[in-house]
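For reference, the structure discussed in these notes is given below.
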Amino acid sequence: MSGQGVSKVGDREAIQGVVLEILKDLTADWDADYSGGIGPDTLLIADLDFESIDVVELVVSIEGRFERRDLPFEKLLMDDGRYVEDLTVRQVVDFLESELVTRGDGGGRNG
């Protein structure tokens, strides 16, 4: 159940699979009213009732699964100096695909 299925950086389907797995793990014990399955158009706040601490847990889980601590999550979470109101699963996957492909698999060089 780890992120080992993401062997090729930029494999969108694998990235989405890992993100969905993380979200299902995070929300498994929640008593949420959302009855639809989690998919690309699912909103983290409006649909899954995410709070700020849940977003932090999501970021930490993503960093752990992809073994990357250098991803610029502020690009995903902030817009014009303000926190975004909500995010779809698709936006998270788009961000990860972009950053993992742009910056590469190693993540060793910062600068």
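For the range 60-83: of the residues being over 19 Å from Ala14 (Cα atoms) and among the aromatic types (Phe, Trp, Tyr), which is modelled with the lowest pLDDT?
Tyr83
Which residue pairs have Cβ atoms under 7 Å apart, sit 6 or more places apart or on different chains, and have a first residue in the range 55-74 that is touching a residue at least 40 places away in the same chain (Cβ under 8 Å) and over 20 Å from Ile45 (Cβ atoms) and a second that is among the β-branched types (Val, Ile, Thr) and part of a helix (DSSP H, G or I)?
Arg65/Val18; Arg65/Ile22
What residue, of Ser52, Ser35, is modelled with pLDDT under 90, polar (S, T, N, Q) and more than 23 Å from Asp11 (Cβ to Cβ)?
Ser35
Considering only residues of the range 35-85 that are assigned to a loop (DSSP other than H, G, I, E, B) and aromatic (Phe, Trp, Tyr), which is nearest to Phe95 (Cα to Cα)?
In this case the residue turns out to be Phe73.
The values are calculated or read from the model by the stated rules, or taken from the named source; none is laboratory data. Quantities reported herein were computed from a predicted structural model and do not represent experimental measurements. In this analysis, Cβ positions are derived from the backbone assuming ideal geometry, glycine residues included, and neighbour counts consider all displayed protein chains.
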